[in-house]
Amino acid sequence: MGVYGNMVITQQGQTLFGKVQTGATLTFTRMQIGSGQLASGQDPTTFTSLIAPIDYFNINSVANSGGTAVVRGIYQNTNLTVSTYTCEIGLYAQDPDAGEILYAYANAGTQGDTIPPYSDGPYSRQFQINTAVGNATNVTANVPSDAYVTVSEVGQPGGVASLDNNGHVPPDQINISTATTTDPGSVLVSASPEEGQQPVAVSTTDPVYENAARKDEDNAFTAKQTFGAGFDVPTGQTGTVEGTLQAGSGGVIHATNADNLGGNAPSYFLAATAQAADSAKLNGQPASYYATASAVSNAQSTANSALSTANAAAQVLSGGKKIQSGSLYIPIGSAGSYSVTFPIAFSSAPVIVNFGGGNTYAPSNITTTGFTTGSSSSGTTIYWIAIGN
């Protein structure tokens with residue numbers, strides 16, 4: 001094996017060396033062997049090519065560490081037809097301005113190698129060149145896809161990984177630390193992903209894990225939750241929905257079992273969108289202050305029946321005049337004018353007296369069948385009495 005002297009950087013190489021210190025990319029392109037010997041006093045730093053070139057060959061790996069690039073290439077005697085002495089080795093690189101240049105050079109003098117011709121059989125030799133690159137951060141090489149890798153590089157740092165019987169890189173050749181919040185690394189997933197899914201792993205102290213709702217255990221929410229659909233318990237199961245809930249647009253919150261319905265069908269209760277979501281929307285009243293839709297309807301029916309009976313009695317006591325009365329509730333947030341319809345029509349427009357909380361409007365638009373009243377205040381009740389024929 002040849003004994004080569006120190007690798008020197010040529011003047012062209014030194015120019016490129018200066019460029020890569022300021023961010024330019026250093027790309028090694030290929031190697032070359034030759035048979036020329038240095039004459040006395042000859043300065044190889046001035047070389048732009050080898051003295052007696054023999055053949056180029058490809059680079060198969062490059063690594064940069066501590067300001068030194070380790071470049072490897074494998075020469076094959078495919079093109080040799082006669083036994084040839086070699087003592088020169090050159091490393092070429094791509095200069096962004098000058099094109100391909102001879103970056104570094106070494107000579108073995110009389111201690112080179114004699115390479116046999118291809119007719120004597122295939123012959124190959126790996127050359128490793130250690131050359132200075134300084135503070136260059138972008139050091140690459142043109143490595144063809146069919147480049148050879150030596151056996152000594154398989155499974156070694158700076159080389160290539162081997163494969164097991166399943167085509168996987170063995171774990172002992174993967175030097176990956178455990179992932180942290182600042183550095184990527186390996187993680188262990190808790191379960192295999194289903195087809196078409198990608199696994200995601202988080203630690204039990206990760207906020208994502210701590211704040212996630214789990215379908216297999218109870219969950220406590222400390223902030224308001226907004227859901228676009230209602231809640232329901234699967235068929236054949238029972239349970240409870242606790243806390244204050246508000247369905248999204250068109251959503252309905254269903255009672256979870258018959259015990260919570262008070263013997264009524266689910267439709268007996270108002271849709272969630274008609275219920276207050278928190279105490280601030282209840283106008284200071286407890287939730288029980290508000291009646292269900294069915295309870296309101298039943299109360300109105302009972303009141304109308306009682307009013308009809310009272311009117312019949314009042315006509316006897318008033319000398320034939322009809323006396324009718326009633327009340328009008330102004331819903332919260334809906335102040336304004338409302339139409340009132342008499343339970344029994346008069347034969348002519350009656351006299352009306354009304355009163356209530358807030359700024360109650362005087363009766364107007366009085367006809368035999370009703371009138372208009374209202375209030376500038378909401379959440380209040382107006383009471384009225386009508387006397388006529």
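Could we say that ILE54 is hydrophobic (A, V, I, L, M, F, W, C), out of contact with any Gly (no Cβ under 6 Å at 6 or more places or on another chain), assigned by TED's automatic domain parsing to the domain that holds ALA132 and buried (at least 17 other Cβ atoms within 10 Å of the Cβ) here? Criteria not met by ILE54.
Got at least one residue in segment 57-75 being modelled with pLDDT of 95 or more, more than 48 Å from the chain's Cα centre (by Cα) and not aliphatic (A, V, I, L, M)? No, that holds for no residue. GLN42 falls short on exactly one of the conditions (1) more than 56 Å from the chain's Cα centre (by Cα); (2) surrounded by 13 or more Cβ atoms within 10 Å (Cβ to Cβ), and that condition is (2).
Condition first: at pLDDT below 90, more than 16 Å from ALA386 (Cα to Cα) and assigned to a loop (DSSP other than H, G, I, E, B). Can you find one or more residues in segment 292-315 that meet it? Looking through segment 292-315, at least one residue is at pLDDT below 90, more than 16 Å from ALA386 (Cα to Cα) and assigned to a loop (DSSP other than H, G, I, E, B). Considering ASN107, ASN79, the condition of being more than 44 Å from the chain's Cα centre (by Cα), farther than 23 Å from GLY23 by Cβ, crowded, with 19+ Cβ neighbours inside 10 Å and assigned by TED's automatic domain parsing to the domain that holds LEU16 is satisfied by ASN107 alone.
Could you check segment 38-80 and list, in sequence order, the residues that are within 20 Å of THR10 (Cα to Cα), assigned to a strand (DSSP E or B) and among the aliphatic types (A, V, I, L, M)? Those that are within 20 Å of THR10 (Cα to Cα), assigned to a strand (DSSP E or B) and among the aliphatic types (A, V, I, L, M): ILE54, ILE59, VAL62, ALA69, VAL70, VAL71.
Reported count of residues in segment 15-39, each being touching a residue at least 12 places away in the same chain (Cβ under 8 Å) and exposed (fewer than 13 other Cβ atoms within 10 Å of the Cβ), is 1.
The values are calculated or read from the model by the stated rules, or taken from the named source; none is laboratory data. Please read these numbers as outputs of a predicted model, since none were measured by experiment. All Cβ positions, glycine included, derive from the backbone under ideal geometry; neighbour counts span all protein chains shown.
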